[in-house]
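**Student:** Pasting a structure here, questions to come.
The values are calculated or read from the model by the stated rules, or taken from the named source; none is laboratory data. All of these numbers come straight from a predicted model, not from anything done at the bench. Every residue, glycine among them, receives a Cβ derived from its backbone with ideal geometry; neighbour counts consider all protein chains shown. When the accessible area is computed, the model is the full protein with side chains, heavy atoms only, and any ligands, DNA or RNA have been set aside. Shrake-Rupley method; radii C 1.70, N 1.55, O 1.52, S 1.80 Å.
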Amino acid sequence: MTMSQRFPLKPLCLLVLQALACQAYAAPADATVADDATVAAMAGPVQTVEITGRGQSRQVQNINKDDLAEALPGTSPLKVLEKLPGVNFQSSDPFGAYEWSTSFSIRGFNQNQLGYTLDGIPLGDMSYGNNNGLHISRAISAENIGSVSVSQGAGALGTASSSNLGGTVQFFTLAPTDARGLTFAQTFGSDSTSRTFVRADTGLINGAVKAFISGTRQRTDKWKGEGGQDQDQWNGRFVYNFGDSNSLTGFVNYSDRKEIDYQDLSKEMIGRLGYNWDNYQPDWQRAVNAARGVYSGGVTSLDDAYYSAGGLRKDTLGGLTLDLNLATGVDLKTSIYHHDNKGQGHWYTPYVPTDAANPISLRTTEYAIGRDGIISDLTWEIGDHTVSAGLWGERSNHTATRAYYGVTGPGDTMYYLSNPFHIDWRQSFVTNTAQYYLQDTLALMDGKLKINAGFKSLDVDISARNLIGTRAAGELTAEKKFLPQAGFNYALSQDDEVFGSASKNMRAFQPGVAGPFSQTQAAYDAGIANLKPETSTNIDLGYRFKRANFQGSVALYNARFDDRQLSVATCAGIVGCPSTFVNVGKVDTKGAEAIAVWKFNREFSWFNSYTYNDSKYKSNYQDGTTLVAVSGKTVVNSPRQLFNTELGYEGGPFFARVGAKYTGKRYYTYLNDNAVDAFWVANLSAGYKLKSLGWAKELSLQLNVTNLFDKQYISTIGTNGFQASDAAGMAQTLLTGAPRQLFLTLNGKL
């Protein structure tokens with residue numbers, strides 16, 4: 001029997017295409033899905049956004065090391081991605097790394113409805129109270145990221161993610177260098193910022209082994225209020241090459257992060273108390289007086305401010321990857337990984353007294369994660385076909401606790417507390433994830449036409465136990481045996497191509513503080529019969545072009561989102577009431593994206609991206625016995641328009657780029673009765689490349705100015721969740737953006 005008889009490749013493509021035609025939106029008859037291979041950068045010294053995604057069947061862009069390097073050191077790579085079409089990023093700090101305030105969405109799909117990986121290792125959904133991963137700012141130092149790939153809509157089929165509804169973000173580590181050396185960077189700036197980064201590369205040893213180890217120390221004060229946001233990180237990585245195109249790669253990344261929170265605000269509070277309002281720290285007596293109902297300075301309620309709040313996170317992420325070339329055209333890549341996390345969220349609360357003499361206690365949300373997994377991918381080139389298949393399995397143990405600790409006065413409590421005087425609830429979760437996929441890529445017409453098709457199967461089982469309190473326990477399974485993808489890419493000429501893709505995706509239920517088990521047992525039992533996992537169908541159609549000094553792409557997209565689950569806040573965030581978890585049914589999204597770069601000459605380039613997005617709820621929902629009429633309303637935190645423009649210069653020793661981002665109006669209530677205004681924010685990066693001085697080489701000085709024109713605006717919305725209605729502007733779920741700040745960095749090599 002021949003290989004093609006044993007494995008019918010062309011029927012696989014046809015099978016998936018036929019299945020997609022039966023989804024909510026019909027795909028073109030010849031649609032396929034392509035791999036997210038790294039795309040070659042544009043020629044020239046300035047342009048670093050790889051916009052074309054040539055050969056891809058989806059809307060794909062890559063950011064490489066140069067773009068990351070010219071950002072403010074320590075900036076989250078998610079913030080760097082905000083220039084790309086479809087991406088809405090917000091944070092209340094200049095680095096975009098303060099996790100409580102980080103908000104990232106693509107085409108109306110929010111942060112926990114996307115998929116994220118680091119070198120293929122899953123990072124979970126990167127939500128603040130994460131149960132199955134960690135934020136990229138803790139997973140690796142920003143200086144060690146070599147590139148980032150964003151796929152809007154249909155993410156790569158084999159991405160290890162159980163939350164990928166609307167796209168994927170894949171981060172890649174900057175590999176150890178073949179040359180031995182020491183890289184360093186020192187940043188000083190506003191709010192007593194000091195960031196030190198040192199990386200040592202061994203270079204290639206005996207033609208086979210190379211490695212690096214790096215350390216990062218960052219200290220910075222908040223831009224308003226009292227307290228710091230500090231982090232220490234260690235990253236290590238080795239690569240051992242052996243045989244014919246085989247390698248073994250290993251890494252260990254460690255992070256210890258402490259950050260004091262900003263106070264969540266409402267629109268009414270901003271008007272009454274001011275843009276720079278924050279918590280009481282270090283004024284302990286004022287916090288005590290307020291807890292006793294004695295207010296001052298415009299304060300009118302317990303929730304206008306608390307003494308302080310903060311977050312602690314420690315993470316260790318490590319893994320091994322074996323790349324084998326089994327035969328000509330046959331490659332096998334297998335990774336194993338382990339992630340260990342512990343964390344505490346601290347909040348001084350006036351709602352639970354320590355004792356009769358002390359009306360404040362310290363409320364914590366305590367986290368622990370221990371997860372282990374394996375990912376394996378096989379690629380097989382057979383004639384005009386490239387077949388890819390793979391599997392991912394993970395077991396995650398997660399616990400979450402709400403506890404209270406006694407306090408009698410001001411003091412440093414930014415450490416891991418133990419022996420609480422009271423515990424509201426404690427839950428433990430075991431989550432088992434299994435995913436496998438199969439994909440066929442068929443090249444026709446001498447490679448001008450590529451037709452890809454495949455499917456994945458995803459099964460996520462959660463077992464929840466209630467150890468203390470009244471929150472829900474039980475078992476939930478989210479399972480889809482056949483989630484198809486298909487797409488095509490056709491080269492009209494050497495410099496022009498059209499592409500299209502369609503995909504069906506599912507997001508698994510989430511354990512932890514924000515999932516279905518965050519309800520009371522009675523609410524969970526009453527709603528379990530109608531609880532379904534979220535699914536989406538995404539359709540893309542686009543055109544890419546490239547000319548001598550101008551290139552870009554345009555894309556149209558349509559998405560149907562079914563069984564969208566909303567966690568509705570029912571009280572002030574600090575009180576921590578069980579949430580209401582409701583199914584709001586269907587959401588429809590349609591939109592257009594455009595991206596273009598014009599290179600005036602070798603020194604100047606002009607980058608632009610534009611997004612029009614229309615995301616609307618299509619079903620009403622019941623909150624208990626109350627009908628909430630959200631059908632036809634715009635999805636929360638989903639701006640209709642985004643626009644980014646950036647002018648870059650690099651000539652001789654000088655380099656500079658100045659950019660501005662427009663973010664349209666954003667609703668923060670499901671009934672659209674309140675919103676935050678549209679705004680522009682500009683940033684500047686400029687520098688001078690010095691000559692080598694003595695023992696130092698490749699020295700450069702870089703100035704970064706964030707919020708260049710000192711704009712006052714509301715950045716993050718939904719920090720304490722979204723509400724059905726807030727016509728009076730009382731919901732404390734907003735954060736203001738950081739003012740203009742300046743930073744100076746010296747970096748180089750030894």
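**Student:** Among the candidates Ala514, Ala522, single out the residue that is assigned to a loop (DSSP other than H, G, I, E, B) and either under 22 Å from the mean Cα position of the chain (by Cα) or closer than 30 Å to Thr719 by Cα (or both).
**Tutor:** Ala514
**Student:** Note down all Cβ pairs under 8 Å where the first residue falls in region 624-639 and is in contact (Cβ under 8 Å) with a residue 12 or more places away in the chain, the second is assigned to a loop (DSSP other than H, G, I, E, B) and β-branched (Val, Ile, Thr), and they're at least six residues apart or on different chains.
**Tutor:** Val630/Val584
**Student:** Answer yes or no: is there a residue in region 174-189 that is over 30 Å from Val60 (Cα atoms) and surrounded by 21 or more Cβ atoms within 10 Å (Cβ to Cβ).
**Tutor:** The answer is yes, given that some residue of region 174-189 is over 30 Å from Val60 (Cα atoms) and surrounded by 21 or more Cβ atoms within 10 Å (Cβ to Cβ).
**Student:** Which condition number does Arg465 fail, the rest of (1) out of contact with any Ser or Thr (no Cβ under 8 Å at 6 or more places or on another chain); (2) among the basic types (Lys, Arg); (3) surrounded by fewer than 17 Cβ atoms within 10 Å (Cβ to Cβ) being met?
**Tutor:** Arg465 satisfies all of (1) out of contact with any Ser or Thr (no Cβ under 8 Å at 6 or more places or on another chain); (2) among the basic types (Lys, Arg); (3) surrounded by fewer than 17 Cβ atoms within 10 Å (Cβ to Cβ) except (1).
**Student:** Could you please give the count of residues in region 183-203 that are touching a Lys or Arg at 6+ places or on another chain (Cβ under 6 Å) and within 20 Å of Gly225 (Cα to Cα)?
**Tutor:** Qualifying residue count, region 183-203: 1.
**Student:** Among what's in region 190-202 and is out of contact with any helix residue (DSSP H, G or I) (no Cβ under 8 Å at 6 or more places or on another chain) and in contact (Cβ under 8 Å) with a residue 24 or more places away in the chain, pick the residue that is surrounded by the fewest Cβ atoms within 10 Å (Cβ to Cβ).
**Tutor:** If we take residues in region 190-202 being out of contact with any helix residue (DSSP H, G or I) (no Cβ under 8 Å at 6 or more places or on another chain) and in contact (Cβ under 8 Å) with a residue 24 or more places away in the chain, then Ser192 is surrounded by the fewest Cβ atoms within 10 Å (Cβ to Cβ).
**Student:** Any idea which of Asp264, Asp221 is at pLDDT 95 or above, open to solvent by 50 Å² or more (accessible area, probe 1.4 Å) and within 28 Å of Met414 (Cα to Cα)?
**Tutor:** Working: Asp264 fails: open to solvent by 50 Å² or more (accessible area, probe 1.4 Å).
Criteria check complete, one pass: Asp221.
**Student:** Then there's this: With respect to the numbered conditions (1) farther than 30 Å from Leu332 by Cβ; (2) buried (at least 18 other Cβ atoms within 10 Å of the Cβ); (3) of a type in the set (Val, Ile, Thr), which one is the sole condition not fulfilled by Val387?
**Tutor:** In the conditions (1) farther than 30 Å from Leu332 by Cβ; (2) buried (at least 18 other Cβ atoms within 10 Å of the Cβ); (3) of a type in the set (Val, Ile, Thr), Val387 misses (1) alone.
**Student:** Something else: Only one of these is open to solvent by less than 50 Å² (accessible area, probe 1.4 Å) and of a type in the set (Ser, Thr, Tyr): Thr645, Thr626. Name it.
**Tutor:** Testing whether each residue is open to solvent by less than 50 Å² (accessible area, probe 1.4 Å) and of a type in the set (Ser, Thr, Tyr) leaves just Thr645.
**Student:** With the condition kept exactly as written, say whether any residue in region 664-671 is of a type in the set (A, V, I, L, M, F, W, C), assigned to a strand (DSSP E or B) and within 27 Å of Ser105 (Cβ to Cβ).
**Tutor:** So far as region 664-671 goes, no, none of its residues is of a type in the set (A, V, I, L, M, F, W, C), assigned to a strand (DSSP E or B) and within 27 Å of Ser105 (Cβ to Cβ).
**Student:** Consider only pairs whose beta carbons are under 6 Å apart and that are at least six residues apart or on different chains; among these, list those whose first residue lies in region 214-237 and is over 22 Å from Asp710 (Cα atoms) and acidic (Asp, Glu) and whose second residue is modelled with pLDDT of 95 or more and surrounded by fewer than 22 Cβ atoms within 10 Å (Cβ to Cβ).
**Tutor:** That search, which allows pairs on different chains as well, returns Asp230/Arg219; Asp230/Lys258; Asp232/Arg217; Asp232/Asp256.
**Student:** What's the number of the only condition in (1) farther than 26 Å from Thr413 by Cα; (2) surrounded by fewer than 21 Cβ atoms within 10 Å (Cβ to Cβ) that Arg237 fails to meet?
**Tutor:** Condition (2) is where Arg237 drops out.
**Student:** Might you let me know whether region 473-487 holds any residue that is among the hydrophobic types (A, V, I, L, M, F, W, C), under 30 Å from Gln551 (Cα atoms) and open to solvent by 20 Å² or more (accessible area, probe 1.4 Å)?
**Tutor:** Looking through region 473-487, none of the residues is among the hydrophobic types (A, V, I, L, M, F, W, C), under 30 Å from Gln551 (Cα atoms) and open to solvent by 20 Å² or more (accessible area, probe 1.4 Å).
**Student:** Looking at Tyr351, Tyr416, which is the one that is within 24 Å of His135 (Cβ to Cβ) and among the aromatic types (Phe, Trp, Tyr)?
**Tutor:** Numbers: Tyr351 fails: within 24 Å of His135 (Cβ to Cβ).
The match here is Tyr416.
**Student:** Out of Leu332, Leu320, Leu326, report the one residue that is open to solvent by 10 Å² or more (accessible area, probe 1.4 Å), part of a strand (DSSP E or B), modelled with pLDDT under 95 and out of contact with any helix residue (DSSP H, G or I) (no Cβ under 7 Å at 6 or more places or on another chain).
**Tutor:** None of the other options fit; the residue is Leu326.
**Student:** Criterion first (among the aliphatic types (A, V, I, L, M), in contact with a strand residue (DSSP E or B) (Cβ under 7 Å, 6 or more places away or on another chain) and open to solvent by 50 Å² or more (accessible area, probe 1.4 Å)) does Ile205 satisfy it?
**Tutor:** Working: among the aliphatic types (A, V, I, L, M): yes; in contact with a strand residue (DSSP E or B) (Cβ under 7 Å, 6 or more places away or on another chain): no; open to solvent by 50 Å² or more (accessible area, probe 1.4 Å): yes.
Taking the combined requirement at face value, the residue does not satisfy it.
**Student:** Right, something else. Determine if region 280-303 includes at least one residue that is among the acidic types (Asp, Glu) and touching a Phe, Trp or Tyr at 6+ places or on another chain (Cβ under 7 Å).
**Tutor:** no
**Student:** Evaluate region 297-311: report whether one residue or more is closer than 30 Å to Ile374 by Cα, touching a residue at least 40 places away in the same chain (Cβ under 8 Å), touching a strand residue (DSSP E or B) at 6+ places or on another chain (Cβ under 6 Å) and of a type in the set (A, V, I, L, M).
**Tutor:** Within region 297-311, not a single residue is closer than 30 Å to Ile374 by Cα, touching a residue at least 40 places away in the same chain (Cβ under 8 Å), touching a strand residue (DSSP E or B) at 6+ places or on another chain (Cβ under 6 Å) and of a type in the set (A, V, I, L, M).
**Student:** Now, a different point. Inspect all residues belonging to region 653-674 and state whether any of them is of a type in the set (Val, Ile, Thr) and open to solvent by 20 Å² or more (accessible area, probe 1.4 Å).
**Tutor:** First, the residues of region 653-674 that are of a type in the set (Val, Ile, Thr): 658, 663, 669.
Going one step further and asking which of them are open to solvent by 20 Å² or more (accessible area, probe 1.4 Å), we end up with 658.
The answer is yes; a qualifying residue exists.
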